[in-house]
Amino acid sequence: MSQAEPLQPVGRIQALPDVITGVAQKGRRTTMTRRQAFHVQRMLSLLLLTASPLPLLAQTTSASETDAEEPILPDAQFEARLPKMEGNDPNAPLPSIDTWIDQQMPAQSAAPAELPAAVDPAEEQELAQPLPPLGSVTVPANEAKQDDPDAELPDVRYATRVEGFGKTGLDDEFRAESALFDGDGKADTATMVQQRAKADQELAVRLLYSQGYYDGTALASLDQGGDGTLTAVVSVTPGKRYKIGDIVINSQPTVPPGLVRESLPLKNGDYIIAANVEGAEANVALKLPENGYPFVEVGQRDILLDPQTVTGAYTLPVETGPRASFRKITTSGEDQAFGADHMEVIKRYKPGELYDSRKVDDLRKALVATGLFSSVAVDPVRTGEAGPDGTEYVDLHVDQDAGPPRTLAGEAGYGTGQGFRAEGTWTHRNLFPPEGALILGAIAGTQEQGASATFRRSNAGKRDKTFQTGITLNHQNYDAYEAYTAGINIGWARQSTPIFQKRWTYSYGAEILLTNEQVVIDPATADKTRRTYFIGGLPLQIGYDRSNDLLNPTKGFRANLRAEPEGSLQGNFSPYLRATFDLSGYYPVSDSLVIAARTRLGTISGVDRDDVAPSRRVYAGGGGSVRGFGYQELGPKDVNNDPIGGRSVNEFAVEGRYRFGNYGVVAFVDAGQVYESAIPKFSDMRYGVGVGGRFYTNFGPFRADIAMPINRQPGESKFAIYIGIGQAF
């Protein structure tokens, strides 16, 4: 069979003889003879009897052409067959067609050649089916089953063929968006196939235009093979590809000159690719506000195509608006978290500084990071007042709506040797405005219980500076020690948040602890006694973070140093130093595989181990340390095989993290040891190996690890399980 004609929309009656259309289209009354009236009435009655849509008329036949044709019956015979009129009024109404047909039934039986034969029920069933979209296409499989009107029609099966994209590289993109391919070769009717083909024809042209093929055309058609198979064919002719010719920008002068053109990354000779053009224009709308023009407006481009040179002359109007500098912050909102004076503390620019939209975005993100707003918007506002260097002052207006200030938070985990541990906090983030929070916390676990109360003021007099003070009450009961501790602390810090991951972090402060602990007097006998320690310390911490994520880093590294000079406040003050250095790195082997490694070195110097409270000594083992061992299980032990802690530690770990979708698997090797000496010896290392699973969420990965020790010693666990949130390091 030859290729079908290009797809056309489903046909409808386009014209009828003038005796009918004259009334509808011209708005006037038309007189017709009784013969003409009979033809019209006969046509309408047949339409009603078949109850089938009329096929598309091949052409329009006028009334004059109809009259000129040879009549089927001579006028005399025709007049004889007409129903008799009562009276002689020529304008009397004709009898109903139903009455007339009943009267003529005998005549029809006698003269079958002159009147239509009765419609066969099977033919009537076939006539009731929807018209095929193309005259050359038939789909007999769509006949109703066993004359059941409720029977489901079988799917129309079709194949799809695309021709002509060639070197344009658009074939894959077309298939991804194609209605024909999306239908998987099935449709309810042939008309549906036709409409999909028409949509794909338009899609092909759009794709060609988007890549600069402005002479491109596409033609969709349906082919039906001799075996009845239906094939939708989309034929594409790309034509020539247009390039950018002259580039003209209509805008006001800028400082520096040519700022608009430099912000438009388009070059003469580049292909006219829609995405590149739109991206370049978006770059203008981005770069000008970063360089002092907050009110820039990019107009509608004009591209004039020249078929002779196959180029397009590109013109872009740009309304730059005034060059501006910052002045002050104003705010509004029915329910305000805090006023503009505290926003002045949070901002990172000075009044009179050249406007930069990046600093506006920074202020908005900093306000969001407070957690005190349900909605907040920051927009520049013209003042009309002259600023420095020929600029105009603009104010930043903050439209705010305070959110719920109270939150509940919690975390839970399990570790071999540490048991179950759950921690929850209740926070009122703005009990003491601005940003003065009260935090109440509680710890419940099989081996640890505690409570705390903390006052924290964020952005305390300076952006990102936090002041905090609080009290803690805690009870810990581990194999290494049992301690009842009360403490107070005060400190200042600059720490990372989920919104602002800072490169440099620090903290400093002071703490005082009063702790009553069970102490092993002699490891050889495991004799124990209780002692009370009164300790004061000055904790200091500095960190450097070049990783790409707080909870799930995949590249970069982190370094952290913590030093805490402390000592006993009982009797003579005896100071010593507790210090720890941590370093971790992350290397992406591929998009799915990351190699992570870490090391930790720790020391207590200036004091004997037995003069340090057991809860302040150095330990290793557990989920955040050397996996495969119980919590605090490594290092020196007493005769009962209970750990007693040490003064130094070295730890190492390497992980292979493989992620697939929202899931991941991890294989790891950990190593470490605790020593009684003040300096790590890097000897007698203990190793643990294991595997883990990860479930990635929008707040971080959920972690479950299982590990076992290498060369397990008496009293050590055969395996250890660790469950928590976030990666191990």
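The values are calculated or read from the model by the stated rules, or taken from the named source; none is laboratory data. As the structure is a computational prediction, the values presented were derived from the model and not from experiment. Positions of Cβ are backbone-derived with ideal geometry, glycine not excepted, and every protein chain shown enters the neighbour counts.
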Pick out the one residue from Lys350, Lys365, Lys328 that is out of contact with any Phe, Trp or Tyr (no Cβ under 8 Å at 6 or more places or on another chain) and in contact (Cβ under 8 Å) with a residue 24 or more places away in the chain. Lys328
Ile439 vs. criteria modelled with pLDDT of 95 or more, crowded, with 17+ Cβ neighbours inside 10 Å and not charged (D, E, K, R): yes
From the list Asp335, Asp341, exactly one residue is assigned by TED's automatic domain parsing to the domain that holds Gly384, surrounded by fewer than 15 Cβ atoms within 10 Å (Cβ to Cβ), charged (D, E, K, R) and not in a loop (DSSP other than H, G, I, E, B). Which is it? Asp341
Please give the number of the condition Ser717 fails out of (1) surrounded by fewer than 21 Cβ atoms within 10 Å (Cβ to Cβ); (2) free of Cβ contacts under 8 Å to residues at least 40 places away in the same chain; (3) among the small types (Gly, Ala, Ser). (2)
Which condition does Thr217 not pass, out of (1) surrounded by fewer than 18 Cβ atoms within 10 Å (Cβ to Cβ); (2) touching a residue at least 24 places away in the same chain (Cβ under 8 Å); (3) hydroxyl-bearing (Ser, Thr, Tyr), if it passes all the others? (2)
Among the residues of the stretch 244-299, which ones are more than 29 Å from the chain's Cα centre (by Cα) and assigned to a helix (DSSP H, G or I)? Leu259, Val260, Arg261, Glu262
Can you tell which of Ser592, Ser625, Ser605, Ser584 is among the small types (Gly, Ala, Ser), touching a residue at least 24 places away in the same chain (Cβ under 8 Å) and closer than 21 Å to Pro539 by Cα? Ser605
Strands (runs of 3 or more DSSP E) contained entirely in the stretch 457-542, each with at least 3 residues that are under 25 Å from Met343 (Cβ atoms): 466-477, 482-494, 504-522
Per the filter on the stretch 388-421, residues among the small types (Gly, Ala, Ser) and exposed (fewer than 15 other Cβ atoms within 10 Å of the Cβ) are Gly390, Ala409, Gly410, Ala412
Any chance the stretch 188-200 includes a residue that's of a type in the set (A, V, I, L, M, F, W, C), outside any loop (DSSP other than H, G, I, E, B) and under 32 Å from the mean Cα position of the chain (by Cα)? yes
Enumerate the pairs (first residue in the stretch 496-516 and closer than 26 Å to Pro614 by Cβ; second residue anywhere and outside any strand (DSSP E or B) and not polar (S, T, N, Q)) with beta-carbon separation below 7 Å, excluding pairs fewer than 6 apart on the same chain, so at least 6 apart or on different chains. Gly509/Pro539; Ala510/Leu538; Glu511/Pro539; Thr515/Ala613
Top-ranked residue of the stretch 300-323 - restricted to ones that are of a type in the set (A, V, I, L, M, F, W, C), assigned to a strand (DSSP E or B) and farther than 30 Å from Tyr349 by Cα, ranked as nearest to the chain's Cα centre (by Cα): Leu316
Right, Ile542: closer than 30 Å to Asp642 by Cα, surrounded by 14 or more Cβ atoms within 10 Å (Cβ to Cβ) and assigned by TED's automatic domain parsing to the domain that holds Gly700 or not? no
Is one or more of the residues making up the stretch 543-566 of a type in the set (Gly, Ala, Ser), under 20 Å from Pro498 (Cα atoms) and within 30 Å of the chain's Cα centre (by Cα)? yes
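Scanning the stretch 201-214 for residues that are without any contact (Cβ under 8 Å) to a residue 60 or more places away in the chain and crowded, with 19+ Cβ neighbours inside 10 Å, which turns out farthest from the chain's Cα centre (by Cα)?
Filtering first and then ranking leaves Tyr213.
Taking the stretch 459-495, which residues are among the small types (Gly, Ala, Ser), closer than 30 Å to Ala366 by Cβ and free of Cβ contacts under 8 Å to residues at least 60 places away in the same chain?
Within the stretch 459-495, the subset among the small types (Gly, Ala, Ser) is 460-461, 470, 480, 483, 486-487, 491, 493.
When the remaining residues are screened for being closer than 30 Å to Ala366 by Cβ, the result is 460-461, 470, 491, 493.
Listed by number, the residues that qualify are Ala460, Gly470, Gly491, Ala493.
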Filtered residues of the stretch 602-621 (kept if surrounded by fewer than 17 Cβ atoms within 10 Å (Cβ to Cβ) and assigned to a strand (DSSP E or B)): Ser605
Of the residues that make up the stretch 663-678, is at least one surrounded by fewer than 22 Cβ atoms within 10 Å (Cβ to Cβ), without any contact (Cβ under 8 Å) to a residue 24 or more places away in the chain and either in contact with a His (Cβ under 9 Å, 6 or more places away or on another chain) or not basic (Lys, Arg) (or both)? yes
For the stretch 247-274, which residues satisfy the criterion of being acidic (Asp, Glu) and loosely packed, with under 15 Cβ neighbours inside 10 Å? Glu262
I'd like the full set of residues that are more than 41 Å from the chain's Cα centre (by Cα) and either exposed (fewer than 14 other Cβ atoms within 10 Å of the Cβ) or among the aromatic types (Phe, Trp, Tyr) (or both), limited to the stretch 686-709. Tyr687
Selection within the stretch 493-516 - farther than 25 Å from Asn548 by Cα and surrounded by fewer than 17 Cβ atoms within 10 Å (Cβ to Cβ): Tyr508, Ala510, Ile512, Leu514, Asn516
Reported set for the stretch 344-361 where residues are in a helix (DSSP H, G or I) and either more than 14 Å from Lys465 (Cα to Cα) or within 30 Å of the chain's Cα centre (by Cα) (or both) is Glu344, Ile346, Ser357, Arg358, Lys359, Val360, Asp361
Please specify each residue of the stretch 452-476 satisfying the condition of being surrounded by fewer than 17 Cβ atoms within 10 Å (Cβ to Cβ) and either in contact with a helix residue (DSSP H, G or I) (Cβ under 6 Å, 6 or more places away or on another chain) or not assigned by TED's automatic domain parsing to the domain that holds Ala510 (or both). Arg463
Counting only strands (runs of 3 or more DSSP E) entirely within the stretch 659-729, those with at least 1 residues that are in contact with a Ser or Thr (Cβ under 7 Å, 6 or more places away or on another chain) are 663-675, 720-725
